[in-house]
1. Give me the net charge of residue 177's neighbourhood, meaning all other residues with Cβ under 13 Å from the Cβ of residue 177; Lys, Arg count +1, Asp, Glu -1.
2. Given the range 133-252 reduced to its alpha-carbon atoms as identical point scatterers, what log10 I(q)/I(0) does the Debye formula return at q = 0.15 Å⁻¹?
3. With a probe of 1.4 Å, find how much accessible area the range 1-74 has per residue, and write the answer as a whole number in Å².
4. Given an 8 Å cut-off on Cα distances and at least 6 residues of separation, report the relative contact order of the chain as a percent.
5. Heavy-atom accessible area of residue 122 with all protein chains present, probe 1.4 Å, nearest 10 Å²?
6. Return the distance in nm (one decimal) between the two label points of a simple spin-label model at residue 105 and residue 192, each offset 7 Å from Cα along Cα→Cβ.
7. As a test of the definition: which semi-axes, in Å, follow for the chain when you take the square root of five times each eigenvalue of its alpha carbon gyration tensor? Largest first, please.
8. Residue 162 to residue 24: extension gain in nm, 0.36 nm per residue of separation minus the Cα-Cα distance?
Amino acid sequence: SIERAARLLAGHGAGFGADPGLAWLGLDGTVPPPPWEEEPDWRVEGLRGWRRGPAHGVLRTGPLRFRPGQADLLHFELRDGPLALLRDGGTGSYAAPPGEAWWHAHFTGTAAHNTIAFDGEDQMPRLGRFLFARWPRTWPLPEGAGLRDHRGRVQEREVRAEGRRWTIEDRLSGRFGAVALRWRLAPGPWEVRPDGAVGPWARLALSADAPLAVTLEQGWESPAYGVVRPVPVLVARAMVPVSRITTVVALT
């Protein structure tokens, strides 16, 4: 849908030229590449991006202007070429198969994204299946964004992209008891370490101003609508008085 809209409305592609629907619309053929492919750093409504060679990262910054479908503010994704290294969980299905009713609540929740969850809660309380209330307030930062949720808990996230080394710093404040930082990893033979994980494509090292408990857990992702499969998730948990967690991703 994004590729077709870009061709029809913007006069360029969106990086998905293999979409089979283009020919049906008479849009097949060579088109200019997306303009952001030439920009190392970019910012659009709700998103902040960085590109360093084949690697590019995207941060979900807000602000929220229309009813959000997922509690995913400050979610960060990192791709290295075609590989989605730090990845999104997807959607699952709006009408999950029998026995899989957990799909919707899981994939729309904060714990299914690469961000901080305070006290095991979503960033916004749910009013119904497709409705979140009390949206967080967000603001821009020089290299990222911040949010304050309805309980006054604050997360400020900034990204430093330095070639093959990416640093994501989370600064935390407000009244909370515990936090969990999750990084959803590309499936593969990852090895957990006391301070992170090592895999075929990168090493993740985490540090904080309070003790961190780092585990590698099985999570779930939905690579296509109605499809759910296991995915490794690196989880770092800390208790107050933690106020800063830093993740360094060294791409191999």
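The values are calculated or read from the model by the stated rules, or taken from the named source; none is laboratory data. Quantities reported herein were computed from a predicted structural model and do not represent experimental measurements. Every residue, glycine among them, receives a Cβ derived from its backbone with ideal geometry; neighbour counts consider all protein chains shown. For accessibility, only protein heavy atoms count, side chains too; no ligands or nucleic acids. Shrake-Rupley method; radii C 1.70, N 1.55, O 1.52, S 1.80 Å.
1. My count for the surroundings of residue 177 gives +2.
2. Each listed q maps to, in turn, -0.79.
3. Values: 4430 Å² over 74 residues.
Normalised by residue count, the accessible surface of the range 1-74 is 60 Å².
4. Details: 566 pairs, mean separation 37.9, N = 252.
After rounding, I find 15 percent.
5. Residue 122 exposes around 50 Å² with every protein chain in place.
6. 2.5 nm
7. On the way: eigenvalues 169, 97, 76 Å².
With the √(5λ) rule applied to the chain, the semi-axes are 29, 22, 19 Å.
8. Here the segment from residue 162 to residue 24 would lengthen by 45.5 nm.
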